[in-house]
Amino acid sequence: MRSHFCGELNESFIGKRVTLCGWAHSRRDHGGVIFIDLRDREGVVQTVFDPSKKEPFAAAESVRTEFVLRIQGSVRARPAGTENAHLRTGKVEVVADSIEILNRAEALPFQLDEEGLSEQVRLTYRYLDLRRDFMQKNLRLRHQITRTLRRFLEDRHFTEIETPMLTKSTPEGARDYLVPSRTNPGHFFALPQSPQLFKQLLMVAGFERYFQITRCFRDEDLRADRQPEFTQLDIETSFLDENGVMGLMEEMLRALFKDVLNVELPNPIPRMSYDEAVRRFGSDRPDLRVPLELVDVGDLMKNVEFKVFAGPANNPAGRVAALRVPKGGELPRSQIDGYTVFVGQYGAKGLAYIKVNDAARGRDGLQSPILKFLPDEVIAGILQRTGAQSGDLIFFGADTAKVVNDALGALRLKLGDDLKLKQEAWKMIWVVDFPMFDYDADAKRWVALHHPFTSPKTEDVGRVDIDPANVKARAYDMVLNGSEIGGGSIRIHRVDVQEKVFATLGIGPEEARAKFGFLLDALRYGAPPHGGIAFGLDRLCALMSGVDSIRDVIAFPKTQKAACLMTEAPSPVDEMQLRELHIRLRKPPEKTAGESAGEKSEQKV
């Protein structure tokens, strides 16, 4: 139907006849001459309709925005002074002698160049939202990213293998999406949260290097960087240790950023232990673009009269940390009060501070309601350890280590944004040496910090069941500008170690056999040492596109409530479908007048 794309026309086409197809991006009537900007996947070109050509001119008069058109004509140079430097095709135009309206469009619910559209409108009419230039660019960039990643891995002898979408429910971490089985009444499949076990089985099968760009599903609460269904680049290798896997992935990411964004990433990419990341930045996903750091001052506070500091300083589970803000002394009290409210969201009961008006004068150069509780030697220690200068502000966190890390870590990032301290840069880092286990105080048991198939450090294998708090994992996360874009580990390949880890997690032999018997069996048949990583493709694409939400790099995303506004999914199904699946729904009845909440009963449907 077309001979060329709109966006490819330039001065080399002058004098040539072309046939174009696309959408009417805009229509303008200037003194009897009609201009239609025609848009297709490659861009926009101006077409001109002269009244001397009566039939095409009459048809052009009826065209409205977003009509689908087929236009034929000849390319010519735009008249001097009418060039459009903002368009690739801005030096030429097409003098039309034929136009065919392939389809008409009703008035759009919004204009494609309209800004500030609500998410509800955008997702309800997603097919129109996707016509917008920035969404087209985002999804084409996503294609470039996946193409580059796939080519890199194929060139290094990785085999792309698909793993099942219908699998076994093994509740660990997020909730599974369950799929009822019609042929096995009362039984359910689960949609995969990850291909983790299948890719390990592929290593047992001898493929050695596997990858897959795959959909995964988690029934969890959503945020800007979460979706119920998401895409990850899944990778597994045999006979590579941590350094081997990380080195190969660094090479891949450097190639990706160079090819897609023409950005040079560091070689090698820096590494930081989990303990150091949490100590310095309050997070295992440190955003290194913000230069602020947390500094421990708990040892200085053990004997002070101020119990707000002394209590956590003498508690093994507590922490007292300081956060120096350069030139923060200029902050008004109202803004400091706002930050106090902000850290309260993370469990902090308050936010102590010291303004450093004149560092050389010691106590006399400081301003704070807590100074009366602090001896001179403590004040001197704080100034020396934080490196505070005149005009600075020092914030303090004192509570359990988790509350301090969460509160000051979040405050650090907010200050970076508010005070314009964040650098314009790509800051990538490996976080390594994670704890193997974390203690769940509510459940009163140990849980896997990554997942139960991660291998402990070789020197810690013997301590898994006797000292789980101090066991380190052979795990590694890739963090980019404060976002975890990938996480992986060396896996357990010996059945005795896997059984020991299960036991530490409170998974007894019967439960392990029921949930993971196929994996335990496979490990008995010559499982090689293996490890891998999974990259969140949506998150990586969002960062590389410069957007705040992964919804802007996904063609048809869900809302915060895991709903599709366009298709109105999820939706009810009819009774016959439910009967075939041997399912009955139980819904609370409508509340009648005078009925109390406590009188509700369940209704079987």
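Under 5 Å between amide hydrogens, which residues at least 5 positions from ALA352 or on another chain qualify, with H placed 1.01 Å from N in the peptide plane?
PHE396
Can you put GLU8, GLU377 in order, fewest other beta carbons within 10 Å first?
Working: GLU8 15, GLU377 9.
Final ranking by Cβ density, sparse to dense: GLU377, GLU8.
Amide H to amide H, which residues 5 or more places from PHE67 or on other chains are under 5 Å from it, using H placed in the peptide plane?
Amide H to amide H, under 5 Å and 5 or more residues apart or across chains, PHE67 pairs with ALA24, ALA105.
Which cross-chain or sequence-distant (5 or more) residues have an amide H under 5 Å from the amide H of VAL92, H modelled 1.01 Å from N in plane?
Under 5 Å from the amide H of VAL92 lie the amide H atoms of ARG78, each far enough along the sequence or on another chain.
Per Stokes-Einstein, at 4 °C and 1.567 mPa s, what whole-number D in µm² s⁻¹ belongs to the stretch 147-287, with the Kirkwood radius over Cα pairs as the hydrodynamic radius?
Numbers: Rh = 17.8 Å.
Taking Rh from Cα pairs, D becomes 73 µm²/s.
How far apart, in nm, are two points set 7 Å out from the Cα along the Cα-to-Cβ line at GLU251 and at LYS587?
5.7
Which whole-Hz ³J(HN,Hα) couplings does the stretch 353-368 yield from phi under the Karplus relation 6.51 cos²θ - 1.76 cosθ + 1.60, θ = phi - 60°, glycine and proline marked x?
Couplings: 8, 9, 8, 9, 6, 8, 4, 5, 8, x, 3, 5, x, 10, 9, 5 Hz.
Can you give the calculated 222 nm mean residue ellipticity of the chain, where each DSSP H run of n ≥ 4 adds -39,500 (n - 2.57) and the sum is split over every residue, rounded to the nearest 500 deg cm²/dmol?
Result for the chain, helices only: -8500 deg cm²/dmol.
Could you sort the peptides 318-329, 232-243 by per-residue average Cβ neighbour count (10 Å cutoff), highest mean leading?
Numbers: 318-329: 21.9, 232-243: 20.0.
So the peptides 318-329, 232-243, ranked by packing, come out 318-329, 232-243.
Rank by packing, highest mean first: peptides 346-359, 193-206, with packing defined as the count of other Cβ atoms within 10 Å averaged across residues.
Those peptides, ordered most packed to least, come out 193-206, 346-359.
Ordered by residue, what ³J(HN,Hα) values in Hz, to whole numbers, does the stretch 97-104 give under the Karplus form 6.51 cos²θ - 1.76 cosθ + 1.60, where θ = phi - 60° and Gly and Pro are x?
My calculation for the stretch 97-104 gives 10, 7, 9, 10, 7, 7, 6, 8 Hz in order.
For the stretch 133-210, state which GluC sites (Glu not before Pro) are in a DSSP loop and have at most 10 other beta carbons lying within 10 Å of their beta carbon. Let's see the in-between values first.
Values: sites: GLU154, GLU160, GLU162, GLU172, GLU208; in loops: GLU162, GLU172, GLU208.
Sparse-neighbourhood loop GluC sites (Glu not before Pro): GLU162.
Can you give the charge dipole size of the chain about its Cα centre, rounded to the nearest 20 debye, using +1 on the beta carbon of Lys and Arg and -1 on the beta carbon of Asp and Glu? Show your work: numbers first, answer last.
Values: 84 positive and 87 negative charges, 115 e Å.
My answer is approximately 560 debye.
Please go through the residue pairs LYS444/LYS558; LYS327/LYS349; LYS302/LYS457; LYS137/LYS414; LYS199/LYS587 and name each one whose alpha carbons sit more than 28 Å apart in this structure.
Numbers: LYS444/LYS558 35 Å; LYS327/LYS349 25 Å; LYS302/LYS457 34 Å; LYS137/LYS414 30 Å; LYS199/LYS587 40 Å.
Flagged as over cut-off: LYS444/LYS558; LYS302/LYS457; LYS137/LYS414; LYS199/LYS587.
Report the local net charge at ARG474: Lys and Arg +1, Asp and Glu -1, summed over other residues whose C-beta lies under 12 Å from its C-beta.
On the way: positive: LYS457, LYS472, ARG491; negative: ASP241, GLU242, ASP433, GLU459, ASP460.
The answer is -2.
Given ASN405, LEU300, ALA317, which one lies farthest toward the positive end of the charge dipole of the stretch 290-418, if we put +1 on the Cβ of every Lys and Arg and -1 on the Cβ of every Asp and Glu?
My answer, from the dipole projection, is ALA317.
According to the Kirkwood expression over distinct Cα-Cα pairs, how big is the hydrodynamic radius of the stretch 6-103, in Å?
Working: mean 1/r = 0.0766 Å⁻¹.
It is 13.0 Å.
Using a cut-off of 10 Å between beta-carbons, work out the net charge of the residues near MET203 (Lys and Arg +1, Asp and Glu -1, MET203 not included). Show your work: numbers first, answer last.
Details: positive: LYS199, ARG209, ARG491; negative: GLU208, GLU236.
Here the count lands on +1.
Can you list the HN-Hα couplings for the stretch 529-537, worked out from phi with the Karplus curve (6.51, -1.76, 1.60; θ = phi - 60°), rounded to whole Hz and with x for Gly and Pro?
Per-residue couplings from phi come out as x, 8, x, x, 6, 10, 9, x, 5 Hz.
Along the charge dipole of the chain, pointing to its positive end and built from +1/-1 on Cβ of Lys, Arg, Asp and Glu, which listed residue (THR214, GLN136, VAL68) has its Cα farthest out?
With unit charges placed on the Cβ atoms, the residue in question is VAL68.
Can you list the aspartates and glutamates whose alpha carbon sits under 15 Å from that of LYS16, skipping same-chain ones fewer than 8 residues off?
Result set, ordered by chain and number: GLU8, GLU93, ASP97.
How high is the FRET efficiency between LEU261 and LYS327 when r is their beta carbon distance and R₀ equals 35 Å, given to the nearest 0.05? If you can, show how the numbers build up before the last one.
On the way: r = 33 Å, r/R0 = 0.94.
Efficiency computed from Cβ-Cβ geometry: 0.60.
Leaving out same-chain residues fewer than 8 places away, which aspartates and glutamates sit with a Cα under 13 Å from that of LYS515?
Result set, ordered by chain and number: GLU172, GLU499.
Multiplying the sequence separation of MET566 and ALA441 by 0.36 nm and subtracting their Cα-Cα distance, what value in nm do you get?
On the way: separation 125, 0.36 × 125 = 45.00 nm, distance 4.18 nm.
Contour length minus Cα-Cα distance gives 40.8 nm.
Which one, (i) 92, 62, 47; (ii) 94, 74, 70; (iii) 97, 67, 51, gives Cα extents along the principal axes in Å as derived from the coordinates shown?
(ii)
Please get the size of the charge dipole for the stretch 352-427, origin at its Cα centre, with Cβ charges of +1 on Lys and Arg and -1 on Asp and Glu, quoted in debye to the nearest 20.
Details: 11 positive and 10 negative charges, 27 e Å.
That gives a dipole near 140 debye.
What is the local net charge at ASP399, summed over the other residues whose Cβ is closer than 14 Å to its Cβ (Lys, Arg +1; Asp, Glu -1)? Can you show the working numbers first?
Working: positive: LYS307, ARG319, LYS349, LYS402; negative: ASP296, ASP406.
In short, +2.
Place the peptides 527-534, 408-415 in order of packing, highest mean first, counting for every residue the other Cβ atoms within 10 Å and averaging per peptide. If you can, show how the numbers build up before the last one.
Numbers: 527-534: 21.0, 408-415: 22.5.
Going by the mean number of other Cβ atoms within 10 Å, highest first, we get 408-415, 527-534.
Ranked by Cβ crowding within 10 angstrom, fewest neighbours first, how are CYS216, CYS21 ordered? Walk me through the intermediate numbers first.
Values: CYS216 21, CYS21 18.
Placing the least packed residue first, the sequence is CYS21, CYS216.
On a 0 to 90 degree scale, rounded to 10, what angle separates helix 333-344 from the longest Cα axis of the chain?
80
What does the charge dipole of the stretch 6-103 about its Cα centre add up to, to the nearest 20 debye, if the Cβ of each Lys and Arg holds +1 and the Cβ of each Asp and Glu holds -1? Mind dumping the intermediate values first?
Details: 14 positive and 14 negative charges, 18 e Å.
Rounded to the nearest 20 debye, it is 80 debye.
Any read-out appearing in this document is the output of simple, stated calculations on the displayed coordinates, not a laboratory observation. All values derive from a computational prediction rather than experimental measurement. Glycine also receives a Cβ, built like all others from the backbone with ideal geometry; neighbour counts cover every protein chain displayed.
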